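Chemist: First the structure, which I've put down as structure tokens, then a few questions once you've had a look.
The values are calculated or read from the model by the stated rules, or taken from the named source; none is laboratory data. If you're wondering where the values come from, they're calculated on a predicted model, not measured in any experiment. Cβ sites come from the backbone with ideal geometry, for glycine too, and all protein chains shown count toward neighbours. In case anyone asks, the SASA skips ligands and DNA or RNA and just uses the protein heavy atoms, side chains included. Shrake-Rupley method; radii C 1.70, N 1.55, O 1.52, S 1.80 Å.
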Amino acid sequence: TAAELRKEIQERENAGNARLKGLILSSPSNPTGAMLSAEELKDLCELCDKEGIRFLSDEIYHGITYGKKEATALEYSSTAIVINSFSKYYSMSGWRLGWMVVPSDLLDPINVLQQNMFINAPTISQTAAMKCWEPDTIQELEGHIAKYRASREFILKELENIKEIPAKNVAPADGGFYVYIDLGEDNVATEAGLGSTEMCRSLLEEEGVAFTPGTDFEDPSGNLGDRRFRISYAGGTNTIQNAMGRFRQFWSGWVKRVHEAKQKI
């Protein structure tokens, strides 16, 4: 948020560190699914423009939201860079196709980079993408969103029934197709090697369910990564229901392992 950025700017100035040149933000985000409100995004864009910070807005999960309306940085800034993709809402992840909206002063530098890195996206990918805005395509894609919404609601309801994981430990899943959970100190024994990485490994081995440990997303210098994990619900609703049933089955055994390990430490 703008308040957090303002604090960072002040702290860097007080410490005599170099000024920030750029800021990258994903909203909705991966892994949390959290997103800024329109007002929060507006404040952030205005602060970046005021401080001469180039704002890069990653908007590839736009279109996949649940009640909270996403906003684009283009509404509030003429200097922001916006990145979007056909991978998420348009379900074309294997086609490696996306786009950028850039201010005029960056057209030439970005064109030089593009010419030297990849020239252009494959013709067949571009041709396929042109069908994305057809009415029957949009209807199909909105059906995907309905499935994501049902899966999201099912996961959140299942998590509510796990008393060891309080609601405050579940990130607000405003958009995208992820739920991010903090196991908390009580449900891990990292000194005994029982963190979220081991939990995900055991869950995969014992139940055939793949969750992603937070070590893929958190600062490696801290310990939050081995306390957190991500659930993706990009698959079908039946798959999610089956996976969460297996997780609930697995969970009591995990809690017991952690409890026993803590007693030995």
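Chemist: Contact list please: Cβ distance under 9 Å, first residue in the range 218-247 and part of a helix (DSSP H, G or I), second residue among the small types (Gly, Ala, Ser) and modelled with pLDDT under 95, pairs at least six apart or on different chains.
Modeler: That search, which allows pairs on different chains as well, returns 243/235.
Chemist: Additional query: Is it fair to say residue 166 is surrounded by fewer than 20 Cβ atoms within 10 Å (Cβ to Cβ), out of contact with any helix residue (DSSP H, G or I) (no Cβ under 9 Å at 6 or more places or on another chain), free of Cβ contacts under 8 Å to residues at least 60 places away in the same chain and within 28 Å of residue 69 (Cα to Cα)? Explain how you work it out, then say what you get.
Modeler: On the way: surrounded by fewer than 20 Cβ atoms within 10 Å (Cβ to Cβ): yes; out of contact with any helix residue (DSSP H, G or I) (no Cβ under 9 Å at 6 or more places or on another chain): yes; free of Cβ contacts under 8 Å to residues at least 60 places away in the same chain: yes; within 28 Å of residue 69 (Cα to Cα): yes.
So residue 166 passes the test.
Chemist: Of the conditions (1) among the small types (Gly, Ala, Ser); (2) in contact with a Gly (Cβ under 9 Å, 6 or more places away or on another chain); (3) under 30 Å from residue 90 (Cα atoms); (4) free of Cβ contacts under 8 Å to residues at least 60 places away in the same chain, residue 196 fails just one. Which one is it?
Modeler: (3)
Chemist: Looking at the range 91-114, is at least one residue in contact with a Ser or Thr (Cβ under 6 Å, 6 or more places away or on another chain), more than 27 Å from residue 37 (Cα to Cα) and part of a helix (DSSP H, G or I)?
Modeler: Yes; the residues of the range 91-114 include at least one that is in contact with a Ser or Thr (Cβ under 6 Å, 6 or more places away or on another chain), more than 27 Å from residue 37 (Cα to Cα) and part of a helix (DSSP H, G or I).
Chemist: Go through (1) under 16 Å from the mean Cα position of the chain (by Cα); (2) more than 28 Å from residue 214 (Cβ to Cβ); (3) of a type in the set (Val, Ile, Thr) and name the single condition residue 83 misses.
Modeler: Unmet condition: (2).
Chemist: State whether the residues of the range 227-242 include one that is among the aromatic types (Phe, Trp, Tyr) and either farther than 30 Å from residue 89 by Cα or open to solvent by less than 20 Å² (accessible area, probe 1.4 Å) (or both). Reasoning before the result, please.
Modeler: First, pick out the residues of the range 227-242 that are among the aromatic types (Phe, Trp, Tyr): 229, 233.
Now restrict to residues that are either farther than 30 Å from residue 89 by Cα or open to solvent by less than 20 Å² (accessible area, probe 1.4 Å) (or both): 229, 233.
The answer is yes; a qualifying residue exists.
Let's see how each residue does on (1) out of contact with any Ser or Thr (no Cβ under 7 Å at 6 or more places or on another chain); (2) in a helix (DSSP H, G or I); (3) among the polar types (S, T, N, Q):
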| position | (1), (2), (3) |
| --- | --- |
| 14 | yes, yes, yes |
| 18 | yes, no, no |
| 24 | yes, no, no |
| 36 | no, no, no |
| 40 | no, yes, no |
| 56 | yes, no, no |
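Chemist: Confirm whether residue 116 is open to solvent by less than 80 Å² (accessible area, probe 1.4 Å) and either of a type in the set (Lys, Arg) or over 15 Å from residue 86 (Cβ atoms) (or both).
Modeler: no
Chemist: Among (1) out of contact with any strand residue (DSSP E or B) (no Cβ under 8 Å at 6 or more places or on another chain); (2) surrounded by 14 or more Cβ atoms within 10 Å (Cβ to Cβ); (3) more than 30 Å from residue 98 (Cβ to Cβ), which single condition is residue 141 missing?
Modeler: Unmet for residue 141, out of (1) out of contact with any strand residue (DSSP E or B) (no Cβ under 8 Å at 6 or more places or on another chain); (2) surrounded by 14 or more Cβ atoms within 10 Å (Cβ to Cβ); (3) more than 30 Å from residue 98 (Cβ to Cβ): (3).
Chemist: Do you know which residues across the range 225-236 are at pLDDT 95 or above and either in contact with a His (Cβ under 9 Å, 6 or more places away or on another chain) or not aromatic (Phe, Trp, Tyr) (or both)? Working first, answer last.
Modeler: Within the range 225-236, the subset at pLDDT 95 or above is 225-233.
Within the range 225-236, 225, 226, 227, 228, 230, 231, 232 qualify.
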